[in-house]
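The values are calculated or read from the model by the stated rules, or taken from the named source; none is laboratory data. None of these values were measured; they are calculated from a predicted model. Glycine also receives a Cβ, built like all others from the backbone with ideal geometry; neighbour counts cover every protein chain displayed.
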Amino acid sequence: MYKVFLVDDEELVIKSLIASVDWGAYGFEITGYALSGSEAFDAIQAIEPHLVFTDIRMPGISGLELIKQLKDTSSRALVIVLSGYAEFALAQKAINYGAFGYCLKPFDEIEISGFLKNAAKLIKDKEMTKDVNIFEYLETGSPEYAEQLKKMLLAAGIIQKSEEVDRNFTAGLCFSPPVCDGTMSSKSRPGAQQVRNRSFKGILQYVDEHYREDLTISFLSEHFNVNANYISQLFRKEMGTTFTQYITALRMDYACRLLSETDLPINEVAEQSGYSDYFYFTRIFKRAKGTTPSSYRASTLY
């Protein structure tokens, strides 16, 4: 269940909101409420709700000020603003401050239900993206995901300074890059026809045909409507390798063919193999093949 926290300086309004909708039917539960903005701020920090409904006009800290303060913390809560005033300026200001929605009093069950459906989908997508990003970084140690991992660890309180990741955590993760000896050659790599899982067969065939494009597990998840973590598990189960290792092997094989059969510049070989960053391509190639692209090309001339 996703957690909901309610904020309003009138307790009757809170009770009305609680009774206005079947929260559990949409995957939510009320985990607390507060009668002031300052009380709410402390409680939200402790409870860490997924969704917050807050009145916009309250003595002391207003709903808008509460949103601003939450943005300065590690809170990932979506905020829906409640108001008895149909004022466009207020609604616009709330959205500019980062509010997820703007709901008028008295409460309408259909309107709130719509917010809950949209919020549940967004929360699920955020959690999936977070899991995928961590998977990607753990598998590759690539710079694209390093900064995201730092932010996650800082937000969770696991580390206090980003330097701690550089000095300790990252070093521990990257002591054995997965691309090195884990990369499968084209000879040992099983094809889609040998895959037992029918759903995965289509995914694998797509990857085999589009590996030179900007392909991620997140994209495959959305394209095939399959959970991203499940796709990762299928690669390990069916192919005996990770998604990142699999696609890297395809790209390295293709890069090797271009290096040995064409006179394309190295940066074009990188781009055609699926890497927009020349330096990242060179680093990955050296890990996989034990030599630089230029040295590999030179060795094929003799």
Problem - Among (1) in a helix (DSSP H, G or I); (2) surrounded by 17 or more Cβ atoms within 10 Å (Cβ to Cβ); (3) small (Gly, Ala, Ser), the one test that ALA99 misses - result: (1)
Handout entry: Residue list for the range 278-302, restricted to those being surrounded by 13 or more Cβ atoms within 10 Å (Cβ to Cβ), under 27 Å from the mean Cα position of the chain (by Cα) and closer than 14 Å to ASN267 by Cα
Key = TYR278, TYR280, PHE281, THR282, ARG283, ILE284, PHE285
Practice task
State the number of residues belonging to the range 214-255 that are under 22 Å from ASP125 (Cβ atoms) and among the charged types (D, E, K, R).
Solution key: 2
Exercise for the section: State whether one or more residues within the range 192-214 are touching a residue at least 40 places away in the same chain (Cβ under 8 Å), assigned by TED's automatic domain parsing to the domain that holds SER294 and of a type in the set (Ser, Thr, Tyr). Expected result: yes
Exercise for the section: Output the residue which, of all residues in the range 244-277 that are buried (at least 17 other Cβ atoms within 10 Å of the Cβ) and either free of Cβ contacts under 8 Å to residues at least 24 places away in the same chain or outside the structural domain of ILE231 (by TED's automatic domain parsing) (or both), is farthest from ILE217 (Cα to Cα). Expected result: LEU258
Practice task
Report, by residue number, each residue of the range 104-117 that is touching a residue at least 12 places away in the same chain (Cβ under 8 Å) and either under 14 Å from ALA25 (Cα atoms) or crowded, with 18+ Cβ neighbours inside 10 Å (or both).
Solution key: GLU109, ILE112, SER113, PHE115, LEU116, LYS117
Exercise for the section: Residue by residue through the range 61-96, note down the ones that are over 22 Å from the mean Cα position of the chain (by Cα), modelled with pLDDT of 80 or more and assigned to a loop (DSSP other than H, G, I, E, B). Expected result: ILE61, SER62
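In the range 216-236, what residues are in contact (Cβ under 8 Å) with a residue 40 or more places away in the chain and either basic (Lys, Arg) or assigned to a loop (DSSP other than H, G, I, E, B) (or both)?
Listed by number, the residues that qualify are THR216, ASN227.
Quick check on this structure: which one of GLU209, GLU213 is among the acidic types (Asp, Glu), in a helix (DSSP H, G or I), surrounded by fewer than 21 Cβ atoms within 10 Å (Cβ to Cβ) and at pLDDT 85 or above? Outline the logic, then answer.
Working: GLU213 fails: in a helix (DSSP H, G or I).
Just a single option satisfies the conditions, and that option is GLU209.
From the list PHE107, PHE53, which one is in a loop (DSSP other than H, G, I, E, B) and among the aromatic types (Phe, Trp, Tyr)?
Details: PHE53 fails: in a loop (DSSP other than H, G, I, E, B).
Residue meeting the stated conditions: PHE107.
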